[in-house]
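Taking it in order: structure first as structure tokens, then the write-up.
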Amino acid sequence: MTKSHHQGEITRRGFFERSAGALATAGILTGGLDATEAVPDPGKKLESPTPDSTPKYGKIALEEHFALPGTIPDSYTSLPTPESRRQIQDLGSGRIAEMDRSGLEVCILSESGPASIQTVLNTSEAVTKSRRSNDYLAEHIAKYPKRLKGFAALPMQDPQVAAQELRRCVKELGFCGALVNGFSQVGEADSAVFYDLPQYRPFWATVQQLDVPFYLHPRFPLATRQQAYEGHAWIAGSAWGFAIETSIHALRLMGSGLFDEYPKLKVILGHLGEGLPFGIWRVDHRISRTSVRPKAKLPMAHYLRENFYITTSGAFRTQALTDVIMEVGADRVLYSVDYPYEDMGEATAWFDNAPISEPDRLKIAQGNARQLFRL
């Protein structure tokens, strides 16, 4: 190695030492913290809070899942143990006890699993299943109204009926909005219908009118469209493919001009933004240098900052969190766990000790959610 090359090299420690001042100025690192302390050991498992340590604040979490009894097969790899399959079906005292242990004041629940409404090919069946799911959730929320809230499951196979069901869930059942598991299959197993298409504009008009958020949650890519994952099934799911599928869907919504037509829409992305905060500058940069342009009037970064909220669900990484805060602002970040796919205690241990400012921690833990959902 030449001397000049060595002098120009930036070590990992050096990078964080140089960055500490900028992060502190942005209100991200707490005062007096050595920047290298923001780099956790990736090989060290975070411990859940001990009985003697009280979790900070009463958190509000909103990517927390449930499933109707009998809908989770033993072979479902995302919930590999009998305990995890029990947890997703528990809408009672067990879940409340776990919330208490981890400092969660409120959880907004949504249906998840292999039997997602979006995978139902027959539209009338999807409508029936969504109503059944929503009524089931409302029945259990009524037992713990101060602790549990709900997101509607919607039959997006029929945009008009989906709008009607959302209205019913918000107005009659008191739900906080909707969570939809990605694109819908309509009529044929090999179909993938995305919500930037023209037939969904009246649905989005209803979402804006109701003034509730729409949570765009991941799903697996279609089996016939997984060539890039062949021989590497682990890539297709939550490790990577989920983020790719969801970020593409979000960019389609942005690029279609949807938010120009409905500027007050609120869309939520989990997992610290499915990679979009990190890549959004390059998206706009490359758009500006090519002749192929989206229909949208403004840069994609504008919509990410003005129309999207981003949760911490399943992404307990301080460096990624600080990137999101710097890209969209702490007012647009919401605490979440992704239970029971993730552990409430691990999420609490990470977030309560993450080197961010206390005002930002309070906003993300509960303040932003209280304002967004009028809790």
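The values are calculated or read from the model by the stated rules, or taken from the named source; none is laboratory data. These figures come from a predicted structure and were not determined experimentally. Counting neighbours? That spans all protein chains shown, and the Cβs are built from the backbone with ideal geometry, glycine included. These accessible areas exclude ligands, DNA and RNA; they are computed on the full protein's heavy atoms, side chains included. Shrake-Rupley method; radii C 1.70, N 1.55, O 1.52, S 1.80 Å.
Points to keep in mind about this one:
- Taken over region 109-191, the alpha-carbon convex hull comes to 78 cubic angstrom per residue.
- Shape summary of region 238-375, radius of gyration then Dmax from alpha carbon positions: 15.3, 49 Å.
- For region 178-275, the spread of Cα positions along each principal axis, largest first, Å: 45, 32, 22
- Cα-centred dipole magnitude for the chain, charges only on beta-carbon of K, R (+1) and D, E (-1), debye, nearest 20: 860
- A convex hull fitted to the Cα coordinates of region 57-116 yields 82 cubic angstrom per residue.
- DSSP beta bridge pairing in the chain, given as percent antiparallel to the nearest 5: 5
- For the listed residue pairs K143/K171; K59/K129; K143/K264; K266/K297; K129/K363, the alpha carbons are over 27 angstrom apart in K59/K129; K143/K264; K129/K363.
- Accessible-area composition of the chain, carbon plus sulfur, in percent [1.4 Å probe]: 54
- Normalised convex hull volume, region 46-190, alpha-carbon set, Å³ per residue: 128
- Report summary: the helix-based calculation at 222 nm, which adds -39500 (n - 2.57) for every DSSP H run with n ≥ 4 and divides by the residues of the chain, gives -12000 deg cm²/dmol.
- In the context of the full set of protein chains, residues of region 46-196 present 42 Å² of accessible surface per residue (probe radius 1.4 Å, heavy atoms only).
- Radius of gyration, Dmax [the chain; alpha carbons; angstrom]: 21.0, 71
- Sum of side-chain charges, G237 neighbourhood, beta-carbon under 12 Å (Lys, Arg +1; Asp, Glu -1): 0
- The mean sequence separation of alpha-carbon pairs under 8 Å and at least six residues apart, normalised by the residue count of the chain, gives a relative contact order of 20 percent.
- Mean separation of Cα pairs under 8 Å and 6 or more residues apart, divided by the residue count, gives region 119-264 a relative contact order of 21 percent.
- Centroid-to-centroid separation of region 116-188 and region 205-242 [C-alpha atoms, Å]: 18
- Take each peptide in 244-254, 57-67, count the other Cβ atoms within 10 Å of every residue, and average; sorted highest first, the result is 57-67, 244-254.
- Sequence-distant contacts, meaning Cα pairs under 8 Å at least 6 residues apart, place the relative contact order of region 239-348 at 29 percent.
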